[in-house]
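The block underneath contains the structure these notes are about, expressed in structure tokens.
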Amino acid sequence: MAQKTVISLLVVTIVGAFIIGLYDAVRPSLASDAAVEEPAQVAAVLPTATAEILVEPLATADALVDAAATTPLQQSLDNVGDTWTRDGVITVLDDFGMTLELSDGSSVYVELGPPSFWQAQNVPLMVDESVFVNGFSNGEQIHAATVLLPDGAQLTLRNETGQPLWSGGTGGGNVQGQSEPLTQVSPEDWVTFSGIISSVSNSTVTLKTSDGPMTVQLGQQRFWQDQGVTLAVGDEISVLGIWQSSQFQVAEITKTQTGERIMLRDPNNRPLWAGPGQNAQGSGNSGGQGQSNGGQGSSGGNGQGNGGNGQGNGNGYRGGRGSN
Amino acid sequence: MTEQLDPRSEQITRRIRDSIERDDLPLSDDRSRMRYVMNNLVLHIHPSKVARPTLQFTYTWGLGGLAILLFTILVVSGVMLMFVYTPSPETAYNDMLALQTDVQFGQLVRNLHHWSGNLLVVVAFLHLLRVFFTGGFHPPREFNWVLGVLLLLLVVGANFTGYLLPWDQLAYWAVTVGSSLLTYIPLIGEGLSNLILGGPEVGAATLTNFYGLHIAIIPLAMMMLISFHIWRVRKDTLTIPRGADEPPADRVEKVTTIPHLVRIELVFALVMIALILLWASWVNAPLEAAANPDHSPNPAKAAWYFMGLQELLLHFHPFFAAIIIPGLGLTGLMMLPYLRFDQLTEGIWFRSSKGRRMALVGALTGLLVTPGLVILDEYFVDLPALLPSLPTLISNGWVPLAGLLLLLVIFYALTKRLFRATQDEARLSLFTLLVTAFIVLTIIGVAFRGEGMALMWPWEALA
């Protein structure tokens, strides 16, 4: 009797997981099918929605990514071209892109961006796999914004304006300002802390270190969670980052037990989930003081948009959306 | 009045000798040999006579005796090391350096201690396997099996606490990783970890705690348990080895422990001491840079015997990898002798010739399927991504565990049916599969995981 109960429990678990997995897989593909079938409707709705998002940047940062991920792209930047939406089969895959065989038999090369960014999302692409690509084409190159897999998993690479989520700042403001390179962070400024996680939320982790408790901001929830590394209370982690005023900004988190890493910032301390704000445009005169669109539309959210010499002091992370 | 002198020898040297050793040497007959065993402090752990078949070396491989020999080497070399070692973060690493450069034979003594400690973990594990595969845990020896499992845990504990003492990078981070597994125990995990580490992380208090455990508490506990274990072996008697499908003998020939058993033990001990000395003379115990709590090596690996668990952490939710799966394994190991077994298989390696084939099937399955599952999980299947609506505790914990358990149930039922095997033989095959899987996981963790714990070839991972 006990044996039968245990075996039944195991079977129910596996069957249940299979059904849930199937349901999870079907759900996003249904959503994307609907989006493909009704582009006109979405086109009419999105600008308004985007405007609303810009007013409430922090609360709706995820919504913007969702919009970029599940709706056809409405507008693009000059250098990335017009929106391009196709499905096809991957025939060749390299670190920076993939060759797709389209339904008409032709082949195109679709650029995915830096491997460190898209591979960190733990959405494995494979040759012979059918994918659905939302992106941009400028006649010569095709840049993917989202890549949807048959199992519902999705790579998110650019926002709805074509701005790469790994860099950002490709324009979209009113007046072009001159970009200034970001200051390099001195190697001496990087410090490492080790500790045990005493609490974890979607955006912060509290560590118990030898120097006492320490709270670490993780930034954009979807970005670090997409890297497939779970953080739990009791995990031993080490964090690498720099101090900015009294705030510790984390670039990399390593789980001591497993060696798994979460990458959050690049060596210039630029958030990987947001743009650097280069080319951000001030709304005033070029070179003058003014509010900026800090490389608008990254998924970053809240911070300083000090991109071009328009000195944009937005309410997003550096490179995130500045206020208009 | 005449003097009445005691009956001792007239020679004072003879009287001194007799006060130390009461028996006449050399021993001339079986009676004196048996008496000598009973009267001798060391030899009286043996019965005065033993069954001749138990002397067959390929039955026990001398693993229990070797474990005691290694324990003795560890005690002696450990006491010698204590003369130069101070358990403090400021001095520990320098003591290690001094031991290697300033102290006569310091490096050799450290090498002996280090390699004997690691060998003891292996030997104790092999001893457990030997007892299982020859049915040595069948009634009335159930409780001695439990004592053996406890001793194995103490051996691992002794090694783990000693791991930290050199206070180098290897030690510091291996202990940091290993002890963090404790924190996954619900409710008490964090408190337990703080208690053992003397705080939230490895530091000066950890060193003194580990030192105390390593030199006093664990060795004392081991001495007590080893005595109990050996006493129970005497009381429960040894299993009598037999060939597969050979009926049990009605009468077993017995021979005196001296010289038959003692001679084998002595030769084996001398050969092993020579081999260990030779190894320790040529291969130095590792010592890396001094511990730096601010800089973890990449990858930070636990001690090698915990690498199976660390490998599990890469595939399961931590609660399952560090608590549920090891807990199930340990409980199963403890409860094993309390299942009902066929007494007639006792003393036969792998129970029968069919059992031998089934053990081979179990081992081969573990050898092939375990790396396959690791690669599958590493590159092809991402359960949390496939089941995003479930918490990772379920999607990456219970679901894969249920899948594995189901596979094990299928394997058990299939082998039992295909081989028309007894329950005993099917269990043996399953046990072999699980042990092989654990060994394979450990090897993958040690040799096939490199920077970022990514899978790679050993020459890349260990470079």
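Considering only the range B:29-54, state which residues are farther than 21 Å from B:THR134 by Cβ and among the polar types (S, T, N, Q). Correct list: B:SER32, B:ASN39, B:ASN40, B:SER48. I want to confirm something. Restricting to the range B:216-248 and keeping residues that are free of Cβ contacts under 8 Å to residues at least 60 places away in the same chain and not in a helix (DSSP H, G or I), which single residue is surrounded by the most Cβ atoms within 10 Å (Cβ to Cβ)? For the range B:216-248, the residue satisfying everything is B:THR237. Taking A:HIS143 as meeting all but one of (1) over 23 Å from A:LEU264 (Cβ atoms); (2) modelled with pLDDT of 75 or more; (3) within 14 Å of chain B (Cβ to nearest Cβ), write down the number of the exception. Single failed check for A:HIS143: (3). All of (1) touching a residue at least 60 places away in the same chain (Cβ under 8 Å); (2) among the charged types (D, E, K, R); (3) not in a helix (DSSP H, G or I) hold for B:ARG33 with one exception: (3). Looking across the range B:98-127, the residues that are within 17 Å of B:LEU428 (Cα to Cα) and touching a residue at least 40 places away in the same chain (Cβ under 8 Å) come down to B:LEU126, B:HIS127. Restricted to the range B:290-306, and to residues there that are facing chain A (nearest Cβ under 9 Å) and out of contact with any Asp or Glu (no Cβ under 8 Å at 6 or more places or on another chain), the residue that is surrounded by the fewest Cβ atoms within 10 Å (Cβ to Cβ) is B:ASP294.
Taking the numbered list (1) more than 12 Å from chain A (Cβ to nearest Cβ); (2) outside any helix (DSSP H, G or I); (3) of a type in the set (S, T, N, Q) in turn, B:THR331 passes all entries but (2).
Yes/no matrix, rows are residues, columns are (1) in a helix (DSSP H, G or I); (2) within 24 Å of B:ALA67 (Cα to Cα); (3) open to solvent by less than 70 Å² (accessible area, probe 1.4 Å):
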position	(1), (2), (3)
B:VAL255	no, no, yes
B:HIS260	yes, yes, yes
B:GLU265	yes, yes, no
B:ALA269	yes, yes, yes
B:MET272	yes, yes, yes
B:ILE276	yes, yes, yes
B:ASN284	no, yes, no
B:GLU288	no, no, no
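Out of (1) open to solvent by less than 50 Å² (accessible area, probe 1.4 Å); (2) β-branched (Val, Ile, Thr); (3) modelled with pLDDT of 90 or more, what's the single condition that is false for B:THR183? Single failed check for B:THR183: (3).
Counting only residues that are hydrophobic (A, V, I, L, M, F, W, C), in a helix (DSSP H, G or I) and buried (at least 22 other Cβ atoms within 10 Å of the Cβ), which one in the range B:152-173 is nearest to the other protein chains (Cβ to nearest Cβ)? Residue satisfying both the conditions and the ranking: B:TRP173. Listed by first and then second residue, the pairs with beta-carbon distance under 9 Å, at least 6 apart or on different chains, first residue in the range B:402-425 and among the basic types (Lys, Arg), second open to solvent by 50 Å² or more (accessible area, probe 1.4 Å), are B:LYS416/B:THR422; B:LYS416/B:GLN423; B:ARG420/B:LYS354. The residues in the range B:331-341 that are open to solvent by 50 Å² or more (accessible area, probe 1.4 Å) and closer than 25 Å to B:PRO248 by Cα can be counted, and the count is 3.
Checking each residue in the range B:307-327 for being open to solvent by 40 Å² or more (accessible area, probe 1.4 Å) and within 12 Å of another protein chain (Cβ to nearest Cβ) picks out only B:PHE319. Residues in the range A:12-29 that are more than 7 Å from chain B (Cβ to nearest Cβ) and among the aliphatic types (A, V, I, L, M): A:VAL12, A:VAL15, A:ILE19, A:LEU22, A:ALA25, A:VAL26.
Taken together, B:VAL103, B:VAL122 contain a single residue that is open to solvent by 30 Å² or more (accessible area, probe 1.4 Å), assigned by TED's automatic domain parsing to the domain that holds B:PHE57, β-branched (Val, Ile, Thr) and more than 25 Å from the chain's Cα centre (by Cα), which is B:VAL103. B:PRO200 meets each of the listed conditions (1) under 22 Å from B:LEU287 (Cβ atoms); (2) in contact with a Lys or Arg (Cβ under 7 Å, 6 or more places away or on another chain); (3) in a loop (DSSP other than H, G, I, E, B) apart from (1). Of the helices (runs of 4 or more DSSP H) lying entirely inside the range B:342-429, the ones with 2 or more residues being over 28 Å from the mean Cα position of the chain (by Cα) and crowded, with 18+ Cβ neighbours inside 10 Å are found at B:383-386, B:399-418. Every condition in (1) away from chain A (no Cβ under 14 Å); (2) among the β-branched types (Val, Ile, Thr); (3) touching a Ser or Thr at 6+ places or on another chain (Cβ under 9 Å) is met by B:VAL435 except one, and the failing one is (3).
The values are calculated or read from the model by the stated rules, or taken from the named source; none is laboratory data. Small disclaimer: the values here were computed from a predicted structure and weren't measured. Here the Cβ is made from the backbone with ideal geometry for all residues, glycine too, and neighbour counts use every protein chain on show. Protein only, heavy atoms only, side chains kept; ligands, DNA and RNA dropped before computing areas. Shrake-Rupley method; radii C 1.70, N 1.55, O 1.52, S 1.80 Å.
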